[in-house]
């Protein structure tokens, strides 16, 4: 049963013609679209290596039937850094040595981005460890991963704080009739 | 033995080239050279390759452990849309080498459809090649194998126990020194205990994967391997082609841990498939297919008998192991050999027997022998300390081996005392109550502290490297090394830059391809030492050639300096007697009209040093656990290790290796176990839901301290190795902490709540 799938992946529209309905989102990303940054570690939702953001939520893409994602927006590891600048989570992973072999790393990074967006952990290491426990790392770079997520949280908070300050200043100036 | 060599500073080579020094790059805690590639998804692993015209292969795994395949519905599979070909024993193309032959001691028998026999669950019994992965997977299901099953032999009662002369890779299975029985008889305290460890599977996050393509008689392989250049000869032998006709590209390995060092049946089938259909073929293992044909850590049953005098000194140490292997090959986990080199005892006996079960052949898995053996040894030492009424650390210090207990040789270096001190202090060991069940946390959980000693040998293999200085003053170093997470691309490049006397950003480090000089094998924690030695020597050789040109050139400020009177750093040669007189590499080559100068180097153990010294990395690990008094839920709340492993090339990466190894210790102690169905012999937990490895939440606090150690015997660079030692010591430390928390001696791994509940 041929079917046509429309996906927006990393901001780019993709039309995927499938000859049958079986492929997972992971296999479509890797084998049809050619975005191989997302990894297959278990193909049954147990390791997290295939984590992507689906409409902003982190999911195991091996558990998503591609056909069910028609019309969705997907962000993969390839779409995380704009113009060559690393996302704060990516930079923190390098600085905190949060990986060794690097195979689980795209999933870890996407999961961390999703986790921080969920806003449930703050900078609490225990909550971060719990929230990152769906992403296995056999090299066991866990101490670095936790440190990296805490680090990224702090950076993003600081950046958010600066933006808020900027907004406040702009608003102050606007109130006082000054040009922004 | 007299020692005429003067102590050397860590920055000076004991017997290397005079021209170059380590230290400008090596020793720095650089972040990973491949970090950016890995966090952006641009590091290319084998399964990421998609050459034009590529087909997908899925192999069928046997679901019985012993018997014959009686039927495969090839017609049904072939009729499925997209299926291109089905390979079974009936049509499998011939191989030039018998998969059941063992042409060299490291060869393992493999299953490549040589017949219809099944000898373990998970064995490949057919292969389906299709246009899509989905079609190949469906075709594999449609084959619907039928079997004539025979009873699986999965335990001591049904399996054959056999005597052996060899354990592990060519190690003697028996070692005896002194009279163990007399030592036990004379002991004031005796301990005898039996420990079991289960079958464990490597389960690297990257499943085994291969993209195979033939160009005439040339075989092109994209696959993860811990030995790119060495594996070409192995693969070539199966196809009757010269090794140079095989190209293996392995830029990144998604974790190996010993499972990606050898030829496997499924890999051969993928190569055959590509030849059969005349197109590139990709084959990636499913996670459940990681349990079977790619090796594992064989199960052991170990018995320790220790005798100690009233002062706590050992009078006898007896360690025997029954190691499980397959029905058709002989790799035995050399568990008892872990007791060879750790503690001083006048009488020692380490012996192995084999047990044949219907499982895939085990092999090397991170610290093979050392992990299982030290788990049992460190638990037994703890039981002996208790019997002597001594603190576990004091007991180990009473039995500190000043010379190697096995050979009597001096250690090339041994900073174990410093490790004990550093880790104990950091952990806060002093004041630990001797008796168990004395400590509780704020929430009423039982708290226990335990410790273990860590040890791992420092083997070197053989490697070659090539180093080139270019006209613009940049350098290239080439070696078929393996980046599998240990940080080879970073650490080896640091050594390479120092060998060439240039800054790291002026170096092009080329690796991970079998066409490059043979980098040996990334195993045995010996890759940095071996490949690093080859790289450094190659760089020094290139610098020597450059120096010869400069000192003979009247126009050079270095003219007239003896060849050994110059030193390389920062891309310049300096006169040793007047460092202000120097010249850049680029200027020397330019005047000589050369576009480049190339040096070559080899890395291997100095045979004289090997004969005269015992060489090991050492460490000490301290563990804190909490146990819920009602539910027996276990948490490893703290691990502190201190390790002395010679020169540390990159402290950031070495620390990660060590903490990673320690976390493997948590997995060994508490999580990892393959449960086989005794009727079918199938692993019942061949996935990550059932085969548990530590997750982030299991690891609240792990710390590895690096203890400074200078070793001028182990190799010219003074490098030992850090890849495997972390798991040794840790398992025992956790088990001993569990006893200290609960008063229950745990002797079967992994430790489960029900054991503690009694």
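Of note:
- Which numbered condition residue A:22 misses (of (1) within 7 Å of another protein chain (Cβ to nearest Cβ); (2) surrounded by 18 or more Cβ atoms within 10 Å (Cβ to Cβ); (3) free of Cβ contacts under 8 Å to residues at least 60 places away in the same chain): (2)
- Evaluated against (1) in the same structural domain as residue B:105 (by TED's automatic domain parsing); (2) buried (at least 20 other Cβ atoms within 10 Å of the Cβ); (3) assigned to a helix (DSSP H, G or I), residue B:183 falls short on exactly one condition, (1).
- Condition met for residue B:420 (touching a helix residue (DSSP H, G or I) at 6+ places or on another chain (Cβ under 8 Å) and surrounded by fewer than 19 Cβ atoms within 10 Å (Cβ to Cβ)): no
- Being farther than 29 Å from residue B:448 by Cβ, free of Cβ contacts under 8 Å to residues at least 12 places away in the same chain and either assigned by TED's automatic domain parsing to the domain that holds residue B:373 or surrounded by fewer than 20 Cβ atoms within 10 Å (Cβ to Cβ) (or both) is a condition met by no residue of the range B:713-725.
- Residues of the range B:424-481 classified as on the phi > 0 side of the Ramachandran plot and free of Cβ contacts under 8 Å to residues at least 40 places away in the same chain, total: 2
- Members of the range B:1-49 that are modelled with pLDDT of 95 or more and either in contact with a strand residue (DSSP E or B) (Cβ under 8 Å, 6 or more places away or on another chain) or farther than 23 Å from residue A:96 by Cα (or both): B:33, B:45, B:46, B:47, B:48, B:49
- Taking strands (runs of 3 or more DSSP E) as the structural unit, those lying wholly within the range B:56-167 and holding at least 1 residues that are surrounded by fewer than 14 Cβ atoms within 10 Å (Cβ to Cβ) correspond to B:67-71, B:146-149, B:160-163.
- Of all residues in the range A:68-97 being touching a helix residue (DSSP H, G or I) at 6+ places or on another chain (Cβ under 9 Å) and farther than 28 Å from residue B:653 by Cα, the one that is farthest from the other protein chains (Cβ to nearest Cβ): A:72
- Flag if residue A:117 is in contact (Cβ under 8 Å) with a residue 24 or more places away in the chain, closer than 27 Å to residue A:40 by Cα and more than 8 Å from chain B (Cβ to nearest Cβ): yes
- Of the listed requirements (1) free of Cβ contacts under 8 Å to residues at least 60 places away in the same chain; (2) in contact with a strand residue (DSSP E or B) (Cβ under 7 Å, 6 or more places away or on another chain), residue A:63 misses just one: (2).
- Any hit, the range A:156-174, residues being within 16 Å of the chain's Cα centre (by Cα) and either in a helix (DSSP H, G or I) or facing chain B (nearest Cβ under 8 Å) (or both): yes
- As a summary of the residue check, residue B:239 satisfies the conditions (1) within 21 Å of the chain's Cα centre (by Cα); (2) closer than 25 Å to residue B:60 by Cβ; (3) surrounded by fewer than 23 Cβ atoms within 10 Å (Cβ to Cβ) except for the one numbered (1).
- Residue count, the range A:32-51 (criterion: surrounded by fewer than 22 Cβ atoms within 10 Å (Cβ to Cβ), out of contact with any strand residue (DSSP E or B) (no Cβ under 6 Å at 6 or more places or on another chain) and either in contact (Cβ under 8 Å) with a residue 60 or more places away in the chain or under 18 Å from residue A:133 (Cα atoms) (or both)): 2
- So residue B:216, is it within 20 Å of the chain's Cα centre (by Cα) and surrounded by fewer than 24 Cβ atoms within 10 Å (Cβ to Cβ): no
The values are calculated or read from the model by the stated rules, or taken from the named source; none is laboratory data. These numbers were taken from a predicted model, which means no experiment stands behind them. Using ideal geometry, Cβ is built from the backbone for each residue, glycine included, and neighbour counts are taken over all protein chains shown.
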